[in-house]
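Here the structure comes first, spelled out in C-alpha cells, and everything after it is commentary.
The values are calculated or read from the model by the stated rules, or taken from the named source; none is laboratory data. Model, not experiment: these values are computed from the prediction. When we count neighbours, we look across all protein chains shown, and the Cβ atoms used for this are built from the backbone with ideal geometry, even at glycine.
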Amino acid sequence: MLKYILYRLLLIVPTLLVICIFSFFLFHSSSTDPVDSLLNIRGIQDAENKYVDYEKEYNKLAREMKLDIPMFYFSILPSYYPDDFYKITNKGKKEKYKSLLERYKDWRLIQNVDKLIARLENHQTEPVSENRTAIENTIVQLKRNHSHEDRMAQLQFLEQEYISLNSTELSNEINQVSNAMHKAFEQNIFFYPKVKVHGFSNQFHHWFIGLFSGSKQLSLADGLPIKQKIKSGLQWSLSMSIISILLALLISIPLGFWSASHQNSRFEKSLSILLYFIYAMPVFWLATLLIVYFTNDYYAKWMNIFPSVGIFYSKDTSFVSQFIDHSKLLILPIYCLTIHSLVYLIRQIRMSMLLEMEQPYYFNALSKGLTKRKAMLVHILPNALIPLITIIIGAIPGAFAGSLVIEVLFNIPGMGRLMFQAIQLDDWTMISALLFIVASATVIFYLIGDILYTWFNPKIRFS
Amino acid sequence: MEIYYTHGSILKLDFHKLKALKHIRKSGLGKLALGIVIVNILLAIFADIIANEKPLFVKIDGVTSFPILQQNKYTKTDWTKAAYEKVIYPLIPFSPNTINKNERALLQPGSKVNNKRHLLGTDSIGRDVAAGIIHGTRWALLVGLLSMLMAMILGVSFGVLSGYFGDHRYESNVFQVVLFISWLFLFCFYLLHHSIILACLVSVIYLILFLLVTRITKNKALSLVQPFPLKIPFDMIIMRSIEIWRSVPALFILLSVMAWVQKPSIYIVVLIIGLLRWPGIARLLRAEILKIRDIEYIQSAKVLGLSHWNIIKNHVLPNSLGPVFILAAFGISNSILLEATISFLGIGASTEVVTWGSLLSEARSHFSAWWLALFPGICIFLLVLSFNVIGERMSGKG
C-alpha cells in the first residue's frame with residue numbers, strides 16, 4: 001500500500017511541473033504589459049507629488065518586479081538573437097525588436113539603425129528647409145515598425161532631403177544603412193537554434209519559490225496583492241460548495257435508496273424521467289429563469305420570493321458574519337449548485353445499488369430471512385456508497401474552481417467570479433495563479449480519491 | 001461479451017451504426033430525439049432561406065429576381081420601402097443582425113413592425129429573436145459536431161496507440177526515435193519563428209535520413225549497423241498527457257485561451273473544445289481495447305501475419321468503437337452547453353455572431369423580457385436533451 005502511494009506521488013510530479021510551466025508561460029506570453037498596467041493604477045508620481053519620467057519609473061518598477069532577468073532556466077532562441085535580449089523589459093519594444101529581428105536577422109544592423117535615427121533626431125540643419133516637418137514626420141515613422149518596403153521608401157526620402165540640404169555624410173550613412181538593410185532582407189535566411197543556460201536566477205524560479213513562501217505577486221486589476229483576493233474568494237467558494245455537497249448527500253442517499261428499492265413502480269419511473277429532464281437543463285438557464293421570475297415583482301406580487309441579486313458587497317468584517325448576513329441571498333445559488341449534483345448522485349446511487357443487488361450475497365441475505373429493507377440498508381448501501389467516495393473527492397476541486405456561471409449570475413465574490421473578472425480586465429497574474437491553484441488541487445484530490453478508494457476496496461488493496 | 005464477427009473493415013462501419021440506429025428507432029422517445037436532431041440540422045442548413053430580411057422572390061418594374069440567392073448584390077437595399085409588384089418573403093422575414101434603427105425597443109412577441117410580425121419578440125436593440133434562434137442553430141450544431149469530430153479523430157488515434165500498443169508492443173530502434181524527436185523539435189522551432197522554408201527543408205532532410213535508416217536497419221545484409229531495439233512506452237506517455245489535460249476545469253482553460261487570443265472567433269472555440277474532449281474518448285477507447293486485445297482471434301490474426309494497421313482497422317476498432325460513439329453523443333451535448341455558457345458570459349465568438357447563449361445573456365439585464373429568457377433556453381434544452389437521449393438509447397440496448 002505504501003509502495004502504491006509512493007508510486008502515485010512520483011507520477012504526479014511531472015504533471016504538476018507541466019501545470020506550473022503552463023500557468024507561468026500563459027502569464028508571460030499574453031500581450032498585456034504588467035508594468036504598464038501597474039503604473040496606470042498607481043500613477044507616476046514621486047514623493048513630492050510631481051510627475052516623473054515614464055521611462056525611469058518603468059525601468060524602476062520592472063527591476064522591482066524582477067522582469068529584467070531571463071525567463072526560464074534555459075532558453076532556446078534562434079542564433080540571431082543577442083545574448084542580452086531578456087534585458088529589454090518594455091513589452092512593446094520587445095515585440096518590435098522581435099519582428100525586426102525576424103525580418104533582418106542581424107542584431108548589429110538593427111542597433112546601427114537605432115543609432116542612425118537618434119543621430120538624425122538630434123541633427124540641426126543650418127538652412128531650414130521647407131520640408132522640415134516632412135523630415136520630422138518621416139523620422140517619427142521610422143521609429144515605429146512598418147513593412148520593409150515602407151522603411152526603404154522612408155529612408156530614401158530622407159536621403160534625398162539630406163542631399164538637397166548638402167549634408168553629405170548623413171546621406172551617405174543613410175545610404176549605407178539602407179543598402180545593408182536591403183541585403184539583409186534578401187539574403188539572411190538561415191539560422192539555427194541556440195541553447196543558453198541561465199542558471200537559477202530567472203523569473204520562473206522566483207515565481208516558483210514565491211508559490212511556497214507567500215507570493216508577493218500583485219494583481220494587475222487594482223495593484224493589490226493576490227493572496228488576499230484569492231483567500232477571500234476561496235472562503236466563499238469552498239463554503240458554498242461544501243454546503244451544497246452536504247445537502248446533495250443528505251437528500252440523494254435516501255432518495256437513491258428509495259428509488260432502488262421500489263425499482264419498477266410508477267412513481268419511481270416518473271421520478272427518473274423528471275430527474276432526467278432536470279439534468280438536461282443548462283444550469284445558467286435555470287438560474288436565469290429563477291432570477292427573471294422569482295426575484296422581482298414584475299410578473300406577480302407573490303412571485304417576489306427571493307431578494308434581488310446584485311446587492312452584494314464585501315465589508316471588512318469577518319467572513320462568518322458576512323455569510324450569515326447574506327444568507328437569504330445565498331438560497332438560490334446553493335439551490336442551483338445542488339440540483340445538478342443531486343440528480344447525478346441519485347442516478348449513481350441507484351445504479352450502483354442495482355448492480356450490488358445482482359450479487360449473490362444479497363440473495364443469500366434474503367434467503368437467510370432478512371427483510372428486503374434490512375438487507376438493503378445493512379448490506380447493500382455501504383457497498384454501493386464506495387464509488388461515492390471518488391465522486392465526492394472529485395467534486396472538491398470543483399469547489400476550488402467555484403461555479404463560474406452561478407457566481408457571476410448571483411454576484412458572489414468567489415473564485416469563479418474572480419476568474420471571470422480577471423479575464424475581463426486582462427489580469428494575467430490572477431489568471432495564471434488561479435489556473436495553478438485549481439489544477440494542482442485537482443491533481444492532488446484525484447490522487448487522494450484514488451488512494452482512499454484503493455484502501456476501502458480490499459479487492460484492489462490485496463491484489 | 002458480444003463480439004461482432006466483422007465481415008469488413010472500418011470503412012464499412014455501417015454494420016454497427018445500423019444496429020445502433022435500429023435500437024434507437026425501436027423506442028418512441030428515441031425516435032422523437034432523432035427527429036429533433038434532424039429538424040435542427042435542416043434548420044441549420046437552410047437558415048438563410050428560412051429567416052432572412054431579403055425576400056425570396058421579388059418583382060420590381062417587371063424584373064424578377066431571387067435576392068436571397070444572390071448574397072452580395074442587395075446588401076444596401078431597404079426592402080420595406082421598395083415598390084413591389086409581387087414579393088414573397090421567407091418564413092421569418094428578419095435577419096438576425098438587423099438593428100431596428102427607428103425604435104431600438106424591446107418588443108413583445110407578436111408585435112408588428114412595418115407589417116412584419118416579430119413572432120418571438122425582439123431584444124433591446126431590435127434584433128428578432130426567432131431569426132436569432134434559427135441562425136443560432138447553425139452555430140450550435142457547428143460547434144457540437146465539428147468539435148466532437150476533431151475530438152474523435154484525435155481521441156481514437158491516441159486511444160488506439162495507447163491501448164493496442166501499450167507499453168511493450170511497439171518495437172522501434174534508437175535511431176528512429178532520436179530522428180523523430182529531433183525532427184519534431186526542429187520543425188516546431190522553425191515554425192514558431194516563422195520560417196516555413198527552413199521547416200520544410202528540415203523535414204525533407206529528415207525524411208531522407210529516416211528512409212535511409214529504415215532501409216539500413218531492415219536490410220539483413222548490412223548487419224554491421226545493428227539496430228538498438230527500443231520499446232516506445234506509448235501507454236505511459238499518453239496516459240500522463242491525458243492526466244495533465246484533465247486537471248483543469250474545461251471552462252477555465254477555455255476562458256483563458258479565449259482571453260489570450262487576440263481575435264476570438266467561433267472556429268477557435270471549436271478547436272479548443274475539440275482539444276479538451278479528446279482525453280475522455282482516448283481513455284474509453286483504451287479501456288475497451290484492453291478488454292479485447294488478448295482475445296484469440298486477434299492473436300490468430302497476428303499469427304497469420306497481418307500487419308498492425310490491418311489488425312487495428314479490421315478487427316480491433318469495429319469491436320471497440322461502440323461505447324465511443326455513445327460518449328461522442330454525450331460529448332456533442334456537452335460541447336453545445338459549453339459554447340452556450342461562454343457566449344452567455346460574453347466571452348466567446350465576437351459580438352456580431354448571434355448564438356443562443358448571447359440571446360440568453362440579454363435576458364439578464366432586462367427582467368421584463370421573459371421571451372428572451374424562455375425561447376433560446378428551450379432550444380438549448382431540447383437539443384441537449386435529444387443528444388442525451390440518443391446517447392442513452394444507443395447504450396441501453398447495444
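Observations on the model:
- Enumeration of residues in segment A:69-120 that are more than 14 Å from chain B (Cβ to nearest Cβ), acidic (D, E) and part of a helix (DSSP H, G or I): A:D114
- Among the residues listed as A:G233, A:G256, the single one being in contact (Cβ under 8 Å) with a residue 12 or more places away in the chain, touching a Gly at 6+ places or on another chain (Cβ under 6 Å) and surrounded by 17 or more Cβ atoms within 10 Å (Cβ to Cβ): A:G233
- Take the conditions (1) part of a helix (DSSP H, G or I); (2) more than 20 Å from B:P249 (Cα to Cα); (3) at pLDDT 85 or above; A:P387 misses just one of them, which is (3).
- Criterion (surrounded by fewer than 20 Cβ atoms within 10 Å (Cβ to Cβ) and either touching a Cys at 6+ places or on another chain (Cβ under 8 Å) or within 18 Å of B:L276 (Cβ to Cβ) (or both)) met by exactly one of B:L192, B:L142, B:L186: B:L142
- Per the conditions (1) surrounded by fewer than 22 Cβ atoms within 10 Å (Cβ to Cβ); (2) at negative phi, the sole criterion not satisfied by B:A373 is (1).
- Test: residue in segment A:44-65 that is out of contact with any helix residue (DSSP H, G or I) (no Cβ under 8 Å at 6 or more places or on another chain) and within 14 Å of chain B (Cβ to nearest Cβ): no
- Segment B:344-357, subset modelled with pLDDT under 85 and within 12 Å of chain A (Cβ to nearest Cβ), residue farthest from the chain's Cα centre (by Cα): B:G346
- A search for C-beta distances below 8 Å between a residue of segment A:387-398 that is within 12 Å of chain B (Cβ to nearest Cβ) and under 22 Å from A:K459 (Cα atoms) and any residue that is among the small types (G, A, S) and crowded, with 19+ Cβ neighbours inside 10 Å, counting only pairs 6+ apart in sequence or on different chains, returns A:G394/A:G449.
- Among the conditions (1) within 14 Å of chain A (Cβ to nearest Cβ); (2) of a type in the set (S, T, N, Q); (3) surrounded by fewer than 17 Cβ atoms within 10 Å (Cβ to Cβ), B:S307 misses just one, which is (1).
- Entry remark, segment B:230-263: residues being of a type in the set (A, V, I, L, M), closer than 30 Å to B:L179 by Cα and within 7 Å of chain A (Cβ to nearest Cβ) number 1 in total.
- Test: residue in segment B:314-324 that is farther than 27 Å from B:L382 by Cβ, touching a residue at least 60 places away in the same chain (Cβ under 8 Å) and surrounded by fewer than 17 Cβ atoms within 10 Å (Cβ to Cβ): no
Residue by residue, here is whether (1) in a helix (DSSP H, G or I); (2) modelled with pLDDT under 80; (3) closer than 24 Å to A:I431 by Cα holds:
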| position | (1), (2), (3) |
| --- | --- |
| B:Q226 | no, yes, no |
| B:I238 | yes, no, no |
| B:S256 | yes, no, yes |
| B:Q262 | no, yes, yes |
| B:R283 | yes, no, no |
| B:K291 | yes, no, no |
| B:Y297 | yes, yes, no |
| B:W309 | yes, no, no |
| B:H315 | yes, no, no |
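- None of B:L255, B:L230 is hydrophobic (A, V, I, L, M, F, W, C) and closer than 19 Å to B:E171 by Cβ except B:L230.
- Every listed requirement among (1) out of contact with any Leu (no Cβ under 9 Å at 6 or more places or on another chain); (2) at pLDDT 75 or above; (3) assigned to a helix (DSSP H, G or I); (4) under 30 Å from A:S232 (Cα atoms) is met by A:S321 save one, (2).
- Scanning segment A:14-43 for residues that are within 11 Å of another protein chain (Cβ to nearest Cβ), among the aliphatic types (A, V, I, L, M) and without any contact (Cβ under 8 Å) to a residue 24 or more places away in the chain yields a total of 2.
- Qualifying positions in segment A:138-185 - acidic (D, E) and within 15 Å of A:H123 (Cα to Cα): A:E159, A:E161, A:E169, A:E173
- Among the residues making up segment A:419-436, those that are part of a helix (DSSP H, G or I), within 10 Å of chain B (Cβ to nearest Cβ) and under 21 Å from B:L345 (Cβ atoms) are A:M419, A:F420, A:A422, A:I423, A:Q424, A:W428, A:I431, A:S432, A:L434, A:L435.
- Residues of segment A:72-97 that are crowded, with 16+ Cβ neighbours inside 10 Å and of a type outside the set (F, W, Y): A:S75, A:L77, A:P78, A:I88, A:T89, A:N90, A:K91, A:K96.
- Residue match in segment A:136-143 (condition: at pLDDT 85 or above, assigned to a helix (DSSP H, G or I) and away from chain B (no Cβ under 14 Å)): no
- Matching option when the condition is touching a Cys at 6+ places or on another chain (Cβ under 8 Å) and of a type outside the set (D, E), among A:F200, A:F208, A:F191: A:F208
- Boolean, A:E55 is modelled with pLDDT under 80, part of a helix (DSSP H, G or I) and either of a type in the set (A, V, I, L, M, F, W, C) or surrounded by fewer than 18 Cβ atoms within 10 Å (Cβ to Cβ) (or both): yes
- Single match in A:G416, A:G449 (criterion: surrounded by fewer than 21 Cβ atoms within 10 Å (Cβ to Cβ) and either at pLDDT 85 or above or assigned to a helix (DSSP H, G or I) (or both)): A:G449
- Which numbered condition A:D222 misses (of (1) within 14 Å of chain B (Cβ to nearest Cβ); (2) touching a helix residue (DSSP H, G or I) at 6+ places or on another chain (Cβ under 8 Å)): (1)
- Selection within segment A:283-318 - under 23 Å from A:Y344 (Cβ atoms) and either more than 27 Å from the chain's Cα centre (by Cα) or at pLDDT below 85 (or both): A:L289, A:L290
- In segment A:22-45, residue modelled with the highest pLDDT [restricted to those that are surrounded by 14 or more Cβ atoms within 10 Å (Cβ to Cβ) and touching a strand residue (DSSP E or B) at 6+ places or on another chain (Cβ under 7 Å)]: A:L38
- Residue satisfying condition, being more than 44 Å from the chain's Cα centre (by Cα) and of a type in the set (K, R), within set A:R132, A:R108, A:R144: A:R132
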